[in-house]
Amino acid sequence: MPDATALMIWLGGVVIAAPLVLVVFLGVSSLLDFRLSEQTISKSIQAAIRTGLLAALSVLTLMLVSGGRHVVVDLGEWVETEGFHARVMFVFDRLSVPFALLSFVLTGTIAAFGTRYLHRERGYNRFFVLYAVFLLGMLTASLAGTIETLFFGWELVGLSSALLVAYYQERLGPARNGLWIWSVYRASDASLLLAAVVMHQMIGKGEFHYLLGEAPWPEGQASATSSEAFIVGLLLLTAAAGKSGLVPFCGWLPRAMEGPTPSSAIFYGALSVHLGAFLLLRVSPLLECSPALCAVIVVLGLGTAGLAYLIGSVQTDIKSVLSFASLSQVGIIVAEVGLGFRYLALVHLLGHACLRTLQFLRAPSLLHDYHGLENALGQHLPRPMLPLLRRVRTSTRASIYRLALERGYLDSCLTICFVTPFVALFRRCDALERAWTNWLLGTRKRTPEQKPAPPVRMEELV
Amino acid sequence: MIPLPLPWLEAAILIALLGAVTISRVRNLDCAWRWGVAFTGAVLACTMLASLGFYLQEWTGPKTAPSHGSLQVYLFGRPYLGLDELNAPLVPAAALLHFLTAVATARTKMRRFSLTWSLCAEVFHLAKFACTDPMVLIGLLTLGAALPLVEFINRNRPIRVYVLHMSMFVALLLAGGVVLDQTVNDPARNTIAAVLLLAAVLIRCGVVPAHCWITDWFEHGSFGIALLYVISLSGVYAAIRLVLPIAPDWLLHGIGLMSLLTAFYAASMALIQREVRRFFAYFFLSHASLVLVGLQLHTAVALTAALSLWLAVILSLGGFGLVLRALESRFGPLSLHRYHGLYEHSPMLAVSFLLTGLASVGFPGTFGFVAADLLVEGALGANLFVGLVVIATGALNGIAILRVYFLLFTGARHTSSVSLELGPRERIVVLTLAILLLGGGIFPQPGIASRRRAAEAILNPSSSPSHPARPMPRLTILPSPRAALIR
């Protein structure tokens, strides 16, 4: 059915174009300092999401009717020079179409919620510009057919995420936490960039189908050796761990809750936190080539799930509880990917994203709900303890409690092992340089570095 | 087509010179500013026409008569200035930066920012970038090194750090030039000349440990002037024209290692700085060193990356510097000790800061992205360690940008009774830069293709038909295939 294929390609183009037009519209008007009304912003978002959703649904319907399982929207070579080329290509298959639909549905829901939640906020326009960037990033990453396209979307999601965490920018906490998240993202993005380049070196191209096989997902057969698959897979796993907050990067997740509830819901409950798992699903044919890599993924996933359960159990605010509950499920999804249960992982991911979005959106009225339940019961709600914990000794239980309170000491470890030595070393270099320059100048100028430095902390550096 | 064969390049340099002389006699600040904008604008137009003429000549081939050199031949007997694949986009980029700096100069800065100095510097920049004769280039670099002294003396600032470094630079450059001038097919003398010239270039580029003059220059000079002096990376141009054609491989590896260490060191230092100017100085150093890293790898991909990154640095870091300058003109010297929370008062400045800053670290969708990606590709292809350090440097620079953004624009509530938003002139500058950075990021192919041709011309000059006739008999007989770059 060539006509159906052409129509699907055209509709696929609309799926990508809708968020792109939204970004251009909101971004250019902001850049020109043309203040749009709340109503205009809201309507433009609704129009973009409805158009994109309708087009994505049409693609799905046509795929089901025509039996096609792999539609490629190839926008051609973006950069082409001898020894390097990058192609812009989007793929609609059994993995990307559900994820794109999920993105449209949940962002549409959050947009409807956010337009009311942020009504008359000073940062209304800023929120929705970043929101549009996020939507474009999610769609680009989920539909990417080449690793360069994926990287583009991946970075957009990271930037919008960090800036939205710092949305309440007159406060110190959001700014510090935004930078923490950005730092973790940059570290993991470096891993993704490295993976992209290694992939280029291996197969000379960035298109996924050259690496993962021509057959539509999930039937592809990767053309890599076990060691190649292990190296590329490990780099991709590091990128996924950073984006999804897996061990050892899970410390950023509660910090991300500083952002407004709509962004917390869409980023850390629904979509962004699942992007790492999605990446692993996308490259799952590659994972099959290396059992060792699969084992690492399973261990990492289960470890994250267990730790997130423990940490989530001792949190005292609902958004942190929900974020760690979300993380424990993401850990399980990752373990499912590692075990080869691809469809199970996909269904788990879709269901979990929807449930968690609902819970996040209900979070601001949670106390009201609890009071209603307690009034109905006539007593406090029971607080059950994990049966396993009842059997351990009190001292062990205290250690576990402390481990959970300290979030597995992961942030402390990162700070002690990397941040503190780094800052101390380069502050020392800076002091030496200033002394050297002052000596050359023949002055004993008092510089800011000679003032007593505050204690080195991650927040202070980043 | 008719106006393009005119000597636009020579006209640009003469207009800049004429502008410097004219403005030096104008006492009224507003009037001087208007003249400054007019002259820098005319220079920009001329350089763009010169560049356009070059590319038209490329496309039309030998049917079109050479568009440059005739005036120089008439005056000097042979052409010393001209455009080729390497410098055709660099000359208008440098002129654009001067023009944008003049346009964006706020009233509060007019007294400090000398338009005469700026136009003088523009004369040197254009002449340097257009110059392909080693001896003339050495002369221009030597004379150009004296320009900051005027600024130091005018502002009554200590000159010792600058003078020490630039004395070494000039001495090494002249010594290298003398050895080069006397060299006739002697590999040993070539190597000596290359070592001397390379040492000079490394000082000019601020490679560690000879980098302190750059932080000192930024701390003591006017921000706009400091920016214009360093941002076009004259040292890199000198490296390509003077050192690459004669440097043996071991020397190139040496540059590479030093540049790589500088890139990482400067990125790390930028991350811990507590003053905006020092932060910018290190941030710039890191990028300049990354360009040098690409040069030393001496493969087609890495050279293409380095040349693309060079253009990206001029535009994005130039724009970033202008944004910091605009911030300084409103809030004074900014410390990174505390959060300032300036966003609410100047959201456009914040957006411009992010746009130019992210473009400079090669964020996807901006001009520097493909260059950064190509550099990683070229570096990893050459050596795993080099590739890893380049990636780590990029990550550190990315963190540094957002750290400074959060410190300047968020984290506190800033109170002000007057509007601190961008003025119309600054808005024009921001929009111009936004169009260039985003346009170059979304449609990178023409820029990359042009840089690729320039890289091929450097690697194998005999295969490049685009070089204008610039006979350089001293160096064409060198055994290295790179030697014929200088003709």
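May I ask you to work out the translational diffusion coefficient for region A:20-78 at 10 °C, viscosity 1.306 mPa s, via Stokes-Einstein with Rh from the Kirkwood sum over Cα pairs, reported in whole µm²/s?
In µm²/s, the coefficient rounds to 114.
Enumerate the amide H contacts of residue A:78 below 5 Å, restricted to partners 5 or more residues apart or on another chain; note that Pro and chain-start residues carry no placed amide H.
When sequence neighbours closer than 5 places are left aside, the close amide H contacts are A:86, A:87, A:88.
I'd like the distance between the alpha-carbon centres of region B:228-286 and region B:143-174, rounded to an integer number of Å.
19
Packing-wise, with mean Cβ within 10 Å as the measure, how do B:36-43, B:136-143 rank, highest first?
Sorting B:36-43, B:136-143 by mean packing, highest first, produces B:36-43, B:136-143.
Charges on Cβ only, +1 for Lys and Arg, -1 for Asp and Glu, centred on the Cα centroid of region B:123-256; of B:250, B:148, B:137, which one is farthest towards the dipole's positive end?
B:148
Report the full-extension gain for the segment residue A:122 to residue A:316: residue separation times 0.36 nm, less the Cα-Cα distance, to one decimal in nm.
Between residue A:122 and residue A:316, full extension yields an extra 66.9 nm.
Going by Cα centres, region A:340-359 and region A:60-120 are how many Å apart?
18
Give me the Kirkwood hydrodynamic radius of region A:245-313, using the inverse of the mean 1/r over all pairs of distinct Cα atoms, in Å to one decimal. The partial results should precede the final answer.
Values: mean 1/r = 0.0748 Å⁻¹.
Mean inverse Cα-Cα distance, inverted, gives 13.4 Å.
Provide a whole-number value for the mean count of partner chain Cβ atoms within 10 Å of the Cβ atoms in peptide A:144-156.
2
Show me B:120-126, B:249-255, B:159-165 ranked by packing, highest mean number of other Cβ atoms within 10 Å first.
B:120-126, B:159-165, B:249-255
Describe numerically, in nm with one decimal, the distance between label points set 7 Å from Cα along Cα→Cβ at residue A:4 and at residue A:396.
So the label points at residue A:4 and residue A:396 sit 6.0 nm apart.
For residue A:247, list long-range residues whose amide hydrogen, built 1.01 Å from N in the peptide plane, is under 5 Å from its own amide hydrogen.
The answer is A:304.
When each pair of different Cα atoms in the protein assembly as shown is counted once in the 1/r mean, what is the Kirkwood radius in angstroms, to one decimal?
29.4
Can you give the mean number of other chain Cβ atoms that lie within 10 Å of the Cβ atoms in peptide A:420-427?
Rounded to a whole number, the mean comes out at 3.
For chain A, what does the alpha-carbon gyration tensor say about shape, rounded, prolate or oblate, given a ≥ b ≥ c as the root eigenvalues, a/c under 1.5 as rounded, and a/b over b/c as prolate?
Taking the square roots of the gyration eigenvalues as a ≥ b ≥ c, chain A is rounded.
Return, for the Cα atoms of chain B, the radius of gyration and Dmax in Å, separated by a comma.
Rg, Dmax (Cα atoms, Å): 21.4, 70.
Per residue of region B:197-209, what does 6.51 cos²θ - 1.76 cosθ + 1.60 with θ = phi - 60° give for ³J(HN,Hα)? Whole Hz please, x for Gly and Pro, Karplus curve as stated.
3J(HN,Hα) across region B:197-209, in whole Hz: 5, 5, 4, 5, 5, 5, 5, 5, 7, x, 6, 4, x.
Along the charge dipole of the protein assembly as shown, which of B:87, B:329, A:7 sits closest to the positive end, that is, farthest toward it, with unit charges on the beta carbon of Lys, Arg, Asp and Glu (+1, +1, -1, -1)?
Farthest towards the positive end: B:329.
As I understand it, the dipole of region A:2-364 uses +1 on the Cβ of Lys and Arg and -1 on the Cβ of Asp and Glu, about the Cα centre. Which of A:134, A:46, A:152 lies farthest toward its positive end?
Most positive-ward Cα: A:46.
Once phi is turned into ³J(HN,Hα) by the Karplus curve 6.51 cos²θ - 1.76 cosθ + 1.60 with θ = phi - 60°, what whole-Hz value does each residue of region A:209-225 show in order, with x for glycine and proline?
5, 6, 8, 9, x, 6, 5, x, 4, x, 8, x, 10, 5, 9, 9, 6
Set the Förster distance to 35 Å, then compute FRET efficiency between residue B:71 and residue B:449 from the Cβ-Cβ distance, nearest 0.05. Display every interim value, and only then the final one.
Numbers: r = 30 Å, r/R0 = 0.86.
The formula returns an efficiency of 0.70 here.
Within 10 Å of each Cβ in peptide B:367-378, how many partner chain Cβ atoms are there on average? Round it to a whole number, please.
4
So which aspartates and glutamates pass the test for residue B:128, namely a Cα distance under 16 Å, with those fewer than 8 places away in the same chain ruled out?
Those aspartates and glutamates meeting the cut-off are B:10, B:84, B:85.
Using only alpha carbon pairs under 8 Å that are at least six residues apart, calculate the relative contact order of chain A and give it in whole percent.
Details: 638 pairs, mean separation 56.4, N = 462.
Here the relative contact order equals 12 percent.
May I ask for the net charge around residue A:273, where only other residues with Cβ less than 11 Å from the Cβ of residue A:273 are counted and Lys, Arg are +1 while Asp, Glu are -1?
Residues near residue A:273 contribute +2 overall.
Whole percent per 10 Å bin, from 0 to the bin with the longest distance: what is P(r) over all C-alpha pairs of region B:252-443?
10, 37, 32, 16, 4, 0
Starting from the Cα of residue B:425, step 7 Å toward the Cβ, then list every residue of region B:22-47 with an amide N under 19 Å from that point.
Only B:22-45 pass the distance filter.
Report, by chain and number, residues whose modeled amide H sits under 5 Å from the one on residue A:94, excluding near sequence neighbours (fewer than 5 apart, same chain).
A:217
Report, ordered by chain and residue number, the aspartates and glutamates lying within cross-link reach of residue A:43, taken as a straight Cα distance under 18 Å and ignoring same-chain residues fewer than 8 apart.
Cα-Cα hits under 18 Å: A:121.
Would you work out the relative contact order for chain B, in percent, from Cα pairs under 8 angstrom that are 6 or more residues apart?
Reported relative contact order: 16 percent.
Give the residue list of chymotrypsin sites (Phe, Trp or Tyr not before Pro) in region A:256-307 that are DSSP loop and have at most 12 other beta-carbon atoms within 10 angstrom.
none
Within the P(r) computed for region A:87-190, what percentage of the Cα pairs occupies the region above 17 Å?
Taking all Cα-Cα pairs of region A:87-190, the fraction more than 17 Å apart is 59 percent.
Quick one: what are the phi-derived ³J(HN,Hα) couplings along region A:5-10, Karplus 6.51/-1.76/1.60 with θ = phi - 60°, whole Hz, x for glycine and proline?
5, 4, 5, 5, 5, 5
Per-residue counts of other Cβ atoms within 10 Å, averaged by peptide: what ranking do you get for B:12-24, A:188-200, highest first?
Result, highest mean first: A:188-200, B:12-24.
Read-outs throughout are calculated quantities, based only on the coordinates presented, and are distinct from any laboratory measurement. Note that the coordinates shown come from a computational prediction; the quantities given were computed from them, not determined experimentally. Here the Cβ is made from the backbone with ideal geometry for all residues, glycine too, and neighbour counts use every protein chain on show.
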